[in-house]
Amino acid sequence: MAQCALAVLLYPGGIDVEFPDAAGPLAACSTPPMRHRNDSRQRNEPLRQRNEPLRQRNEPLRQRNEPLRQRNEPLRQRNEQMRQRIAAAAARIMAKDGVGNFSVAKRKAARQLGAPDSQALPDDAQIEAELRAYQALYQDTEQRDRIQSLRRSALEVMQALSAFRPHLAGAVLKGIAGRYGDIDLQLFAEDVKSVELFLLNQGIPYAATTERYFAGDQSRLISLLTIDWHGVSVNLAVHPLNDERTTITATAGGRPIERAALAAVRQLVAADD
């Protein structure tokens with residue numbers, strides 16, 4: 001049989017194949033058999049056969065558990081309905097009463113609905129979705145004006161505290177801050193004393209407390225300084241300088257806290273205007 005004459009060309013983006021004329025040596029090449037599409041199924045067949053006895057042994061257990069699953073289904077559905085009701089009520093509390101903490105809002109809503117705190121509580125993402133829907137439906141213009149005003153105030157504070165690499169976080173950044181909402185800023189400094197000294201030199205009074213955050217998998221007990229900026233409450237979470245490029249979460253394994261640096265907030269304010 002004649003040899004197949006194929007030219008393989010190499011170039012920076014990959015490879016190309018140059019086929020000779022059909023009348024040349026390629027015409028003598030026999031077509032290689034195509035791989036059967038069921039090869040993978042055939043390769044997996046021994047594994048399926050080995051697992052079959054285990055599946056058969058587990059089948060009686062699955063059948064015994066099925067009535068329990070069916071009996072629990074109404075309870076699961078009731079819990080899901082209650083979870084949705086709590087999420088909607090928590091969203092109204094945050095939008096109308098200015099409660100900015102998801103945990104506080106959901107537990108208050110659960111009490112109002114007569115549901116135990118530990119039962120059927122929605123997660124923050126579910127409440128946030130309900131909050132956005134409520135604000136879009138009932139507070140559209142009010143919400144837009146509120147966010148514009150709070151973001152302008154946040155930009156002013158960030159410019160004043162630019163030496164401490166401020167980042168905007170929380171409800172103002174997300175656009176879901178309710179009435180009387182606070183501004184949440186993350187600062188990154190060598191130590192909290194430098195921030196406190198700056199505030200004192202500027203004649204800005206503050207209240208100090210502590211909160212726990214997680215930088216990566218490391219727990220951090222950081223200082224939280226609260227100031228009043230022209231009638232708006234601003235929370236300054238002072239993180240170690242080295243944590244600026246680290247993912248920060250409120251709980252171990254929780255969702256990363258979204259944040260925006262000074263340049264990004266300038267763009268947000270410009271877009272809002």
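Quickly run through the stretch 177-203 and pick out the residues that are outside any helix (DSSP H, G or I), modelled with pLDDT of 95 or more and surrounded by 16 or more Cβ atoms within 10 Å (Cβ to Cβ).
Ile183, Asp184, Leu185, Gln186, Leu187, Phe188, Ala189 - these are the residues of the stretch 177-203 that are outside any helix (DSSP H, G or I), modelled with pLDDT of 95 or more and surrounded by 16 or more Cβ atoms within 10 Å (Cβ to Cβ).
Among the residues of the stretch 206-222, are any touching a Gly at 6+ places or on another chain (Cβ under 9 Å) and either at pLDDT 95 or above or assigned to a strand (DSSP E or B) (or both)?
Yes, the stretch 206-222 contains at least one residue that is touching a Gly at 6+ places or on another chain (Cβ under 9 Å) and either at pLDDT 95 or above or assigned to a strand (DSSP E or B) (or both).
Listed residues Leu168, Leu150, Leu137; which is touching a residue at least 40 places away in the same chain (Cβ under 8 Å) and in a helix (DSSP H, G or I)?
Details: Leu168 fails: in a helix (DSSP H, G or I); Leu137 fails: touching a residue at least 40 places away in the same chain (Cβ under 8 Å).
So the residue among Leu168, Leu150, Leu137 that is touching a residue at least 40 places away in the same chain (Cβ under 8 Å) and in a helix (DSSP H, G or I) is Leu150.
What is the residue count in the stretch 231-273 for residues that are in a loop (DSSP other than H, G, I, E, B) and small (Gly, Ala, Ser)?
Start the filter on the stretch 231-273 by keeping residues that are in a loop (DSSP other than H, G, I, E, B), which leaves 231, 246-247, 250-255, 257-258, 273.
Of the ones still in play, those that are also small (Gly, Ala, Ser) are 231, 250, 252-254.
Residues flagged as in a loop (DSSP other than H, G, I, E, B) and small (Gly, Ala, Ser) within the stretch 231-273 amount to 5.
I'd like to check something: does the stretch 124-139 contain any residue that is crowded, with 20+ Cβ neighbours inside 10 Å and charged (D, E, K, R)?
yes
State all residues of the stretch 204-230 that are exposed (fewer than 15 other Cβ atoms within 10 Å of the Cβ) and basic (Lys, Arg); if no residue qualifies, say none.
Correct list: Arg212 only.
Which of the residues that make up the stretch 75-97 are more than 23 Å from Ala177 (Cβ to Cβ), modelled with pLDDT of 75 or more and not aliphatic (A, V, I, L, M)? Before you say what the answer is, go through the steps one by one.
Pass one, the stretch 75-97, residues more than 23 Å from Ala177 (Cβ to Cβ): 75-85.
The next check asks that each one be modelled with pLDDT of 75 or more; those that pass are 77-85.
Once the filter is applied, which keeps residues that are more than 23 Å from Ala177 (Cβ to Cβ), modelled with pLDDT of 75 or more and not aliphatic (A, V, I, L, M), the stretch 75-97 yields Gln77, Arg78, Asn79, Glu80, Gln81, Arg83, Gln84, Arg85.
Can you pull out every residue in the stretch 77-102 that is touching a helix residue (DSSP H, G or I) at 6+ places or on another chain (Cβ under 9 Å), without any contact (Cβ under 8 Å) to a residue 24 or more places away in the chain and exposed (fewer than 14 other Cβ atoms within 10 Å of the Cβ)?
Answer for the stretch 77-102, where residues must be touching a helix residue (DSSP H, G or I) at 6+ places or on another chain (Cβ under 9 Å), without any contact (Cβ under 8 Å) to a residue 24 or more places away in the chain and exposed (fewer than 14 other Cβ atoms within 10 Å of the Cβ): just Asn101.
Could you tell me whether any residue of the stretch 231-238 is loosely packed, with under 15 Cβ neighbours inside 10 Å and either more than 13 Å from Leu168 (Cα to Cα) or among the β-branched types (Val, Ile, Thr) (or both)?
Here is the first cut: in the stretch 231-238, the residues loosely packed, with under 15 Cβ neighbours inside 10 Å are 231.
Restricting the remaining residues to those that are either more than 13 Å from Leu168 (Cα to Cα) or among the β-branched types (Val, Ile, Thr) (or both) gives 231.
Scanning the stretch 231-238 turns up at least one residue that is loosely packed, with under 15 Cβ neighbours inside 10 Å and either more than 13 Å from Leu168 (Cα to Cα) or among the β-branched types (Val, Ile, Thr) (or both).
Please determine, by comparing only the residues of the stretch 239-273 that are of a type in the set (Val, Ile, Thr) and more than 18 Å from the chain's Cα centre (by Cα), which one is surrounded by the fewest Cβ atoms within 10 Å (Cβ to Cβ).
Val269
The values are calculated or read from the model by the stated rules, or taken from the named source; none is laboratory data. Please read these numbers as outputs of a predicted model, since none were measured by experiment. Neighbour counts are summed over all protein chains in view; Cβ atoms, including those assigned to glycine, are modelled from backbone coordinates with ideal geometry.
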